[in-house]
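The values are calculated or read from the model by the stated rules, or taken from the named source; none is laboratory data. These figures come from a predicted structure and were not determined experimentally. Counting neighbours? That spans all protein chains shown, and the Cβs are built from the backbone with ideal geometry, glycine included.
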C-alpha cells in the first residue's frame with residue numbers, strides 16, 4: 001500500500017528518508033493516524049454551548065465546523081490527546097452535563 005509516492009510499508013529502514021524530511025503537502029490525508037489512540041472523546045450535542053473553543057486547539061482537524069456550529073468528531077486523524085476535552089467550558093461539570101467526555105476506546 002503506497003501512502004506517499006516512493007514510500008510504502010515494504011520499504012527497508014535504510015531507504016527511508018531522513019527524519020524531518022517533508023515529502024509534500026497534504027500527505028497526512030493518506031494516513032489514518034486515528035488508529036494510534038487508546039483514549040477517545042465523545043461529543044454530546046445536547047450539552048454543547050457551541051463556543052467552538054475545541055476547534056482551534058485540535059491539532060488533527062478532527063472537529064468539523066459548518067455554519068458556525070461544530071459537528072461530530074472525525075476519528076480518521078484524532079489521536080485521542082484530550083485537549084478538546086480539557087478546553088471545553090463544561091469540563092468541570094458532571095459527566096451527564098459535559099459536552100465532551102473522554103474514555104478508553106474499545107478496540
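Within the range 84-96, track down each residue that is outside any loop (DSSP other than H, G, I, E, B) and surrounded by 15 or more Cβ atoms within 10 Å (Cβ to Cβ). Working first, answer last.
If we filter the range 84-96 for residues that are outside any loop (DSSP other than H, G, I, E, B), which is where we start, we get 84-87.
Within the range 84-96, 84, 85, 87 meet the criteria.
Could you grab me the full set of residues in the range 33-59 that are surrounded by fewer than 13 Cβ atoms within 10 Å (Cβ to Cβ), modelled with pLDDT under 95 and not in a helix (DSSP H, G or I)?
Residues satisfying the conditions are 38, 59.
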